[in-house]
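Trainee: My questions will all concern the structure given below.
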Amino acid sequence: MDGSNQRDNNNPEVIFNTQASISLTRQEIEKLVRIAKGNSRNRVRLCVHRTKDEPLHQMLIVHPRHAYVRPHMHIEKSESIVVLDGNVDYIIFDEVGNIKERLEMGPYNSGRPFFQSAGPGIVHTLLIHSEWLVFLEITEGPFVKEGTKYAEWSPLETDYDGGADFVRSLSRQTSE
């Protein structure tokens, strides 16, 4: 990852790769964490794909502890994640918001599951336990905003208090 990567003008949390080939080191992941610390929501995503229209989207994503990832599903696409650093619960819900499954994930060397893939129609979220979560997300392109459906029973991402309450309630539910 070098200085030729481009920030998305519409979203300071998104960086697009501009190279035909890219490789990353631990130091570059640490740089992404530093960039995340400078964003208002403490998040960043490095899109390995160079445009939103590419058929394969690979994104290195950094989220802080207890970030609210609104429960959602992908209508026609599968999504896979690989945990590189940190600890997270991957939570799957039924249609009314009851937890159906909770997968305690960590990096490969943690002994926990480090890979999760979900097909279309699976409502899910992340409950982050470590200071930072760094993961690789892989899905089909092109990006179509309407291809993601958010759970109506969950707070909006702009409802910061509601999102924080939701994360706290998930933490209580998963610790019981």
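The values are calculated or read from the model by the stated rules, or taken from the named source; none is laboratory data. Quantities reported herein were computed from a predicted structural model and do not represent experimental measurements. All Cβ positions, even for glycine, are placed from backbone atoms using ideal geometry, and neighbour counts span all protein chains on display. Surface accessibility is based on the protein's heavy atoms, side chains included, excluding ligands, DNA and RNA. Shrake-Rupley method; radii C 1.70, N 1.55, O 1.52, S 1.80 Å.
Trainee: Compute the angle between helix 26-37 and the longest alpha-carbon principal axis of the chain, please, reported from 0 to 90 degrees and rounded to the nearest 10.
Mentor: Helix 26-37 sits roughly 60 degrees off the main axis of the chain.
Trainee: Moving to a separate point now. Anyone know which of Gln116, Gln19, Gln27 comes out most mobile in the 10 Å Cα GNM of the chain?
Mentor: Gln27
Trainee: Quick one: compute a quarter of the convex hull surface over the Cα atoms of region 22-176 and quote it in nm².
Mentor: With every direction weighted equally, the projected area is 9.2 nm².
Trainee: Now for a different question. Of the heavy-atom accessible surface of the chain (probe 1.4 angstrom), what whole percent is carbon and sulfur?
Mentor: Whole-percent figure for carbon plus sulfur exposure: 49.
Trainee: Using only alpha carbon pairs under 8 Å that are at least six residues apart, calculate the relative contact order of the chain and give it in whole percent.
Mentor: RCO, the chain: 24 percent.
Trainee: Here is a further query. For the chain, what is the mean residue ellipticity at 222 nm derived from helices alone (per DSSP H run of n ≥ 4: -39500 (n - 2.57); sum divided by total residues; nearest 500 deg cm²/dmol)?
Mentor: After summing the helix terms and dividing by residue count, I get -5000 deg cm²/dmol.
Trainee: Then there's this: Apply the Karplus curve 6.51 cos²θ - 1.76 cosθ + 1.60, θ = phi - 60°, to the phi angles in region 156-163 and return the couplings in whole Hz, x for Gly and Pro.
Mentor: Taking θ as phi minus 60°, the curve returns 5, 5, 7, 8, 4, 5, x, x Hz for region 156-163.
Trainee: Residue-wise, which Karplus ³J(HN,Hα) couplings in Hz belong to region 130-139, taking 6.51 cos²θ - 1.76 cosθ + 1.60, θ = phi - 60°, and x for glycine or proline?
Mentor: Calculated HN-Hα couplings, in order: 8, 4, 9, 10, 10, 9, 9, 10, 10, 8 Hz.
Trainee: Please report, in debye to the nearest 20, how large the charge dipole of the chain is about its Cα centre when each Lys and Arg carries +1 at its beta carbon and each Asp and Glu carries -1 there.
Mentor: Dipole size: approximately 460 debye.
Trainee: Just need the Rg to Rh number for region 70-115, please, alpha carbons only, Kirkwood Rh.
Mentor: Computed over Cα atoms, the ratio is 1.02.
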